[in-house]
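First the structure, in the form of structure tokens, and then the observations on it.
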């Protein structure tokens with residue numbers, strides 16, 4: 001979807017082989033092979049930074065991935081985190097990332113779920 005909204009290069013990463021397979025099929029169906037690649041690579045093995053990083057994972061995993069997500073997000077880049085239950089989880093993650101130099105720019109909530117948008121300073 002990011003390519004369809006103007007991104008010139010997209011890397012999708014997941015640890016679920018079936019999700020990677022389905023994403024690859026969708027990339028081919030939409031003729032996006034030149035702009036998008038999908039991988040089951042570990043985040044530790046990705047050595048580039050991105051203007052936008054999106055992670056839709058549960059709280060405890062986001063907490064543990066803070067170092068890697070910080071490293072992957074370019075200076076002044078956007079980090080979007082979802083998969084959080086509104087309340088203690090959003091507060092905890094907001095505190096974790098603001099203490100690492102991110103500014104919380106926006107929080108959206110739908111029912112009990114929240115998404116946080118940060119800018120890396």
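The values are calculated or read from the model by the stated rules, or taken from the named source; none is laboratory data. Owing to the predicted nature of the structure, the values given are computational and were not obtained by experimental measurement. When we count neighbours, we look across all protein chains shown, and the Cβ atoms used for this are built from the backbone with ideal geometry, even at glycine.
Overview of results
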item	result
Positions within segment 16-47 being modelled with pLDDT under 90, part of a loop (DSSP other than H, G, I, E, B) and out of contact with any strand residue (DSSP E or B) (no Cβ under 8 Å at 6 or more places or on another chain), in sequence order	42, 47
Scope segment 60-77; condition over 13 Å from residue 99 (Cβ atoms) and not in a strand (DSSP E or B); matching residues	60, 61, 62, 64, 65, 68, 69, 71, 72
Among the residues listed as 76, 56, the single one being touching a strand residue (DSSP E or B) at 6+ places or on another chain (Cβ under 8 Å) and exposed (fewer than 10 other Cβ atoms within 10 Å of the Cβ)	76
